[in-house]
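S.K.: After the structure tokens below, expect a handful of questions from me.
The values are calculated or read from the model by the stated rules, or taken from the named source; none is laboratory data. Quick caveat, the model's predicted, so the values are computed rather than measured. All Cβ positions, glycine included, derive from the backbone under ideal geometry; neighbour counts span all protein chains shown.
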Amino acid sequence: MTITDIIQSKNVVSTFPNRGLSLASGNGVYLYDEKGEEYLDMGSNFGVNLLGYGPSPVTEGIKKQVDILINCHGSFGNPQRSQATKKLLEQVEKVGLTGFNRILWANYGAEAVDAAIKFALIATGRNRLLSPRNDYHGKTLAVLSVTSSNEGKYQKPFQKFLLSTDYFEFGNIESLKKTISNQHAALIIEPIQAEGGIILPPEDYLVQVSELCKEYGVLLIIDEIQTGLGRNGRFLNVQKYVPGGFDCDMILFGKGLGGGLPVSAVVIKEELNAKIPKGVHTSTTGGNPLSMTGVVAFLDELEKSQIIDKSRVISKYFFEQLRNLQTKLNDKIVDIRGEGFMIGVQLLETIDPMDILKKLQQRKIIALPCSKDTIRFLPPLIIQKEHVDKVCQTLEVILS
């Protein structure tokens, strides 16, 4: 056991599960422990490192900014923040969502969700929220109100402190029709339920959700923190619904947005901004120049490298190989679900997914948990066919 392992287990507050692995460096799609052992990363740091690890135009840009200015409070203007704001708003407009011209910069996903909830409550004057059962949006106290995934595990210790929230069945428009009312301030939803099991809704579902929200004056918050920025094979998951009439009031970004640095964003329209008083949500480090440099460099690289288009080819191959494996092991693998590089492998209920994750890690592959019967693959967008082959071959050995 290394000194890192000892301190991790004895001195760090034990709110995280312990994977029993200390990671010291990374390069491309690989992570390395303190002994230099190489691990194929199929989790991308829970979706953060979309472009992998190591030297890149993104990290080079960040290094230069370190010597210029690291932090600048949001009450002052800053060129890096202005550039990041302009670039992200341009990307949202390109996918066909119009009217979005304001951004609140934050530090991590749950903070963005928290701010969006506050905006909805104060703008509408209503005091109830809507969220699908099994959604995950983070673990700050207010955000726990809309995080019911994992059978409500995260909510239970704080149940009496939560905001008034009504839940409906994800993907079932009739369930929402029975639940929504003009007492609700906002509805927040993941386009694909992530931790809940990689659950996709019917194709017309989010358009119908959008229409119902408009009918009742409920603000629609789209949580693209995990699904956005190329994860599902497009810049935003919801852009595929825009031709059908989809619209929303707030879009949440996080995870990979800063090229690995902690940053998140709430993107809203001017009419909502006009209803938000000063001081409602501020952050000492939100929108700091270092993270903003990461945002600009990441968005530039995403566009220049055309990595989203390239990832769709490998994603298709990944699904083909996994479905071939399911055919071979149909007594072990129940379903293959997902889109792009957000993939769930549902196992027979008698198989413990944590045991499979442990065995994958022993064979130098890192994957993630996902609901009680599913393992999750969230690889960097830069993986290639040989990485897919290694994962599928290893999974076959473990499950056979």
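S.K.: Name the single residue, out of those in the stretch 153-183 being among the acidic types (D, E) and over 21 Å from the mean Cα position of the chain (by Cα), that is farthest from D223 (Cα to Cα).
M.R.: Kept after step one, since they are among the acidic types (D, E), are these residues of the stretch 153-183: 166, 169, 174.
Restricting the remaining residues to those that are over 21 Å from the mean Cα position of the chain (by Cα) gives 166, 174.
Numbers: D166: 17, E174: 22 Å.
That would be E174.
S.K.: Something else about it: Is it the case that some residue within the stretch 340-356 is within 26 Å of P191 (Cβ to Cβ) and in a loop (DSSP other than H, G, I, E, B)?
M.R.: Checked against the condition, which is being within 26 Å of P191 (Cβ to Cβ) and in a loop (DSSP other than H, G, I, E, B), the stretch 340-356 yields at least one hit.
S.K.: Looking only at the stretch 351-396, which residues are modelled with pLDDT of 95 or more and hydroxyl-bearing (S, T, Y)?
M.R.: T374, T394
S.K.: Do any strands (runs of 3 or more DSSP E) lying entirely in the stretch 28-144 carry at least 3 residues that are farther than 19 Å from S291 by Cβ and free of Cβ contacts under 8 Å to residues at least 40 places away in the same chain, and which ones are they?
M.R.: By residue number, 30-33.
S.K.: Those residues that are farther than 17 Å from K177 by Cα, out of contact with any Pro (no Cβ under 9 Å at 6 or more places or on another chain) and part of a loop (DSSP other than H, G, I, E, B), I need them from the stretch 203-225; list them, please. Write out each step before concluding.
M.R.: First pass over the stretch 203-225, keeping only residues farther than 17 Å from K177 by Cα: 203, 221-225.
Applying the additional criterion that residues be out of contact with any Pro (no Cβ under 9 Å at 6 or more places or on another chain) yields 203, 221, 225.
The answer is E203, I225.
S.K.: Going residue by residue through the stretch 70-81, is there one that turns out to be modelled with pLDDT under 95 and either within 21 Å of the chain's Cα centre (by Cα) or among the polar types (S, T, N, Q) (or both)?
M.R.: no
S.K.: Being touching a Gly at 6+ places or on another chain (Cβ under 6 Å) and of a type in the set (V, I, T) narrows it down to one of V242, V266, V313, V280, so name that one.
M.R.: V242
S.K.: Looking only at the stretch 141-152, filter to residues that are surrounded by fewer than 16 Cβ atoms within 10 Å (Cβ to Cβ) and closer than 19 Å to D223 by Cβ; which one of those is modelled with the highest pLDDT?
M.R.: L141
S.K.: Same structure, new question: Could you run through the stretch 158-202 and say how many residues are touching a Phe, Trp or Tyr at 6+ places or on another chain (Cβ under 8 Å) and outside any strand (DSSP E or B)?
M.R.: Number satisfying all stated conditions: 14.
S.K.: A follow-up question, please. From the list V58, V92, which residue is among the aliphatic types (A, V, I, L, M) and in contact with a strand residue (DSSP E or B) (Cβ under 6 Å, 6 or more places away or on another chain)?
M.R.: V92
S.K.: Something else now. Hey, among P289, P262, which residue is closer than 30 Å to G28 by Cα, at pLDDT 95 or above and in contact with a Cys (Cβ under 6 Å, 6 or more places away or on another chain)?
M.R.: Result: P289 is the single residue among P289, P262 that is closer than 30 Å to G28 by Cα, at pLDDT 95 or above and in contact with a Cys (Cβ under 6 Å, 6 or more places away or on another chain).
S.K.: Quick check, is T140 in contact with an Asp or Glu (Cβ under 6 Å, 6 or more places away or on another chain) and hydroxyl-bearing (S, T, Y)?
M.R.: Considered against the rule, which asks whether it is in contact with an Asp or Glu (Cβ under 6 Å, 6 or more places away or on another chain) and hydroxyl-bearing (S, T, Y), T140 comes out as yes.
S.K.: Hey, could you check the stretch 1-46 for residues that are at pLDDT 95 or above and under 20 Å from the mean Cα position of the chain (by Cα) and say which is surrounded by the fewest Cβ atoms within 10 Å (Cβ to Cβ)?
M.R.: If we take residues in the stretch 1-46 being at pLDDT 95 or above and under 20 Å from the mean Cα position of the chain (by Cα), then F46 is surrounded by the fewest Cβ atoms within 10 Å (Cβ to Cβ).
S.K.: Do you know which residues across the stretch 283-342 are of a type in the set (F, W, Y), farther than 19 Å from G260 by Cα and in contact (Cβ under 8 Å) with a residue 40 or more places away in the chain?
M.R.: Y317, F318 - these are the residues of the stretch 283-342 that are of a type in the set (F, W, Y), farther than 19 Å from G260 by Cα and in contact (Cβ under 8 Å) with a residue 40 or more places away in the chain.
S.K.: To continue, here is another question. In the list Q321, Q361, which residue meets the criterion of being touching a strand residue (DSSP E or B) at 6+ places or on another chain (Cβ under 8 Å) and surrounded by 14 or more Cβ atoms within 10 Å (Cβ to Cβ)?
M.R.: Q361
S.K.: Follow-up question, since we're still on this one. Could you list all residues from the stretch 114-137 that are over 19 Å from the mean Cα position of the chain (by Cα) and of a type outside the set (A, V, I, L, M)?
M.R.: K118, F119, T124, G125, R126, N127, R128
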